[in-house]
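Below is one structure; the comments refer to it alone.
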Amino acid sequence: DAGVTQSPTHLIKTRGQQVTLRCSPISGHKSVSWYQQVLGQGPQFIFQYYEKEERGRGNFPDRFSARQFPNYSSELNVNALLLGDSALYLCASTRRGLEETQYFGPGTRLLVL
Amino acid sequence: AQRVTQPEKLLSVFKGAPVELKCNYSYSGSPELFWYVQYSRQRLQLLLRHISRESIKGFTADLNKGETSFHLKKPFAQEEDSAMYYCALLNTGNQFYFGTGTSLTVIP
């Protein structure tokens with residue numbers, strides 16, 4: 001198993017555009033979580049999905065949305081991009097919940113110009 | 001609001017010296033607490049969690065509810081311990097909070 005995979009690795013967008021980031025969990029894991037990590041800060045929790053339903057949400061605006069597919073992969077969508085959305089976006093997977101060991105992906109680095 | 005505070009952004013210790021990475025939290029409920037670590041050019045990974053009360057790579061952390069702290073300790077630092085360490089909290093509302101991290105450098 002390659003572990004958690006994320007695509008793309010890097011992305012450059014301009015203000016006002018929309019972006020979709022993708023994550024594939026470890027085989028057998030049914031939960032995916034998304035985090036935003038701004039340079040010099042710790043990861044900030046955006047969402048947790050389990051069995052295709054949102055189970056946890058951080059303090060992010062409605063411009064951020066996500067979904068989970070029947071194969072447990074997930075997409076994070078950000079609309080109306082702002083310069084401040086520039087960050088590393090991390091995905092993590094667990095079998096069920098956040099109380100378990102979270103296995104992180106390598107991240108997608110988003111730059112908004 | 002929940003908050004996880006790691007007061008030291010940078011910490012340097014000599015090899016063989018004891019090391020303590022501080023973590024304080026603010027939460028009125030019963031949190032679950034974790035330490036995650038990121039070694040150079042590796043992914044973020046779990047080091048330990050308070051609920052399992054285990055020792056990983058010689059590190060231990062005790063939850064002190066009175067002081068709302070979860071400091072990470074190791075009696076004898078090794079060069080391979082150099083990494084970025086994040087303290088994290090899971091609340092009963094299923095929200096996960098990381099601290100800002102402490103970069104540990106073990107000097108040979």
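The values are calculated or read from the model by the stated rules, or taken from the named source; none is laboratory data. Since the model is a prediction, treat every value here as computed from it, not as a measurement. Cβ sites come from the backbone with ideal geometry, for glycine too, and all protein chains shown count toward neighbours. Keep in mind that these areas ignore ligands, DNA and RNA; they rest on the heavy atoms of the full protein, side chains included. Shrake-Rupley method; radii C 1.70, N 1.55, O 1.52, S 1.80 Å.
Let's see how each residue does on (1) touching a residue at least 40 places away in the same chain (Cβ under 8 Å); (2) farther than 20 Å from B:Arg3 by Cβ; (3) not in a loop (DSSP other than H, G, I, E, B):
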position: A:Gly16; (1), (2), (3): yes, yes, no
position: A:Arg22; (1), (2), (3): yes, yes, yes
position: A:Ser27; (1), (2), (3): no, yes, no
position: A:Val32; (1), (2), (3): yes, yes, yes
position: A:Gln36; (1), (2), (3): yes, no, yes
position: A:Tyr49; (1), (2), (3): no, yes, yes
position: A:Arg55; (1), (2), (3): yes, yes, yes
position: A:Phe60; (1), (2), (3): no, no, no
position: A:Ala66; (1), (2), (3): no, yes, yes
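Summed over the stretch A:68-89, the residues that are within 9 Å of the chain's Cα centre (by Cα), under 27 Å from B:Arg3 (Cβ atoms) and among the hydroxyl-bearing types (Ser, Thr, Tyr) give a count of 1. Among the residues of the stretch B:5-27, those identified as farther than 12 Å from B:Tyr85 by Cβ and either open to solvent by less than 60 Å² (accessible area, probe 1.4 Å) or not aromatic (Phe, Trp, Tyr) (or both) are B:Thr5, B:Pro7, B:Ser12, B:Val13, B:Lys15, B:Gly16, B:Ala17, B:Pro18, B:Asn24, B:Tyr25, B:Ser26, B:Tyr27.
Scanning the stretch B:58-84 for residues that are within 14 Å of the chain's Cα centre (by Cα) and among the aromatic types (Phe, Trp, Tyr) yields B:Phe59, B:Phe70.
Filtered by the rule that a residue be within 11 Å of the chain's Cα centre (by Cα) and at the interface with chain A (Cβ under 9 Å from one of its Cβ atoms), the stretch B:85-108 gives B:Tyr86, B:Cys87, B:Ala88, B:Phe98, B:Gly99, B:Thr100, B:Gly101.
Inside the stretch B:85-103, can you point out the residues that are open to solvent by less than 10 Å² (accessible area, probe 1.4 Å) and at positive phi? Answer for the stretch B:85-103, where residues must be open to solvent by less than 10 Å² (accessible area, probe 1.4 Å) and at positive phi: just B:Gly101. Candidates in the stretch A:31-49 are the residues that are polar (S, T, N, Q) and at the interface with another protein chain (Cβ under 10 Å from one of its Cβ atoms); of these, the one that is surrounded by the fewest Cβ atoms within 10 Å (Cβ to Cβ) is A:Gln41.
Taking the stretch B:41-52 as the range and being part of a loop (DSSP other than H, G, I, E, B), open to solvent by 30 Å² or more (accessible area, probe 1.4 Å) and touching a strand residue (DSSP E or B) at 6+ places or on another chain (Cβ under 7 Å) as the test, only B:Arg43 passes.
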